[in-house]
Amino acid sequence: AQKVTQAQTEISVVEKEDVTLDCVYETRDTTYYLFWYKQPPSGELVFLIRRNSFDEQNEISGRYSWNFQKSTSSFNFTITASQVVDSAVYFCALSEHNSGNTPLVFGKGTRLSVIA
Amino acid sequence: DTGVSQNPRHKITKRGQNVTFRCDPISEHNRLYWYRQTLGQGPEFLTYFQNEAQLEKSRLLSDRFSAERPKGSFSTLEIQRTEQGDSAMYLCASSPQGQGRDYGYTFGSGTRLTVV
């Protein structure tokens, strides 16, 4: 069965600090997708990144970067030089594909507060 | 077509009443998903459709819940005899079926249900 664990419930950082949000997943499939979503106070889930299981290259997008390591079943998310606008709840999610595209399974989320 | 649309945005109802929510997915997406999110938790899968066929229902979907997607376009989620425990944000998402470059889930803004 698939499972996503985000061990950090809440994180507070001071503006301009770097912060890493952890995500550990469990799956028996060899083909799967991992996602990160941002949920600001308005409530809408905003897509940040999708990574498939065959692509272990790390990705950087502006101040955001993702570290995918199959050996440790982790897909961690780092925000560099954090800003107040980064304050939100961040969710990691998993979808399995060996037997078709299964619905996304989410972690419980990490609430990030960036203090000015 | 600008995204996934959900109506209403907010619904307050008395315990025991029936409520119905609507979701209009991205028109090219043949998969539609319903999720429920309670305070401090990640979204939890309820059910999903591929075109008009309901392919999977979670154990969270009690007999009081029913979902339809009659023409493979918009979907409705009905809750009968609402209970206070039904209070949550109900999220709808759509995705294409395949695993191509455009695979991903687009979420609506959600319907926040409060049962009093």
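The values are calculated or read from the model by the stated rules, or taken from the named source; none is laboratory data. If you're wondering where the values come from, they're calculated on a predicted model, not measured in any experiment. Methodologically, a virtual Cβ is constructed for each residue, glycine included, from the backbone with ideal geometry; neighbour enumeration extends over all protein chains shown. Accessible surface is based on the protein model in full, side chains and every heavy atom, while ligands, DNA and RNA are left aside. Shrake-Rupley method; radii C 1.70, N 1.55, O 1.52, S 1.80 Å.
Worth a mention:
- Over the stretch A:1-52, relative contact order from alpha-carbon pairs under 8 Å, at least 6 apart, %: 31
- Positive-end extreme of charge dipole, chain A - chosen from A:Ala7, A:Val105, A:Phe91 (charges on Cβ): A:Val105
- 10 Å beta-carbon shell around B:Tyr90, net charge (K/R +1, D/E -1): +2
- B:Gln17 long-range amide H proximity, modeled H, under 5 Å: B:Thr82
- Think of a 1.4 Å ball rolled over the protein heavy atoms: the stretch B:1-68 then has 59 Å² of accessible area per residue.
- Considered as an equivalent ellipsoid built on the Cα gyration tensor, the protein assembly as shown has semi-axes of 30, 22, 15 Å, the largest given first.
- Computed over protein heavy atoms with a 1.4 Å probe, the carbon and sulfur contribution to the accessible area of the protein assembly as shown reaches 45%.
- Excluding ligands, DNA and RNA and using a 1.4 Å probe, chains B and A jointly bury around 1700 Å² of accessible surface, summed across both partners.
- DSSP beta bridge pairing in the stretch A:14-103, given as percent antiparallel to the nearest 5: 95
- Reachable lysines, given that their alpha-carbon falls under 19 Å from the alpha-carbon of A:Lys108 and they are not under 8 places away in the same chain: A:Lys3, A:Lys38
- Taking a Cβ cut-off of under 14 Å around B:Arg9, the surrounding Lys, Arg, Asp and Glu residues balance to a net charge of +1, with basic ones at +1 and acidic ones at -1.
- Prolate/oblate/rounded label for the stretch A:23-64 (Cα gyration tensor, a/c 1.5): oblate
- Entry comment: accessible area of chain A is 48 Å² per residue, from protein heavy atoms only and a probe of 1.4 Å.
- Under 29 Å of direct C-alpha separation, and excluding same-chain neighbours fewer than eight residues apart, B:Lys71 reaches these lysines: B:Lys11, B:Lys57.
- A simple count of charges around A:Phe77, restricted to other residues whose Cβ falls under 12 Å of its Cβ and scoring Lys, Arg +1 and Asp, Glu -1, yields -1.
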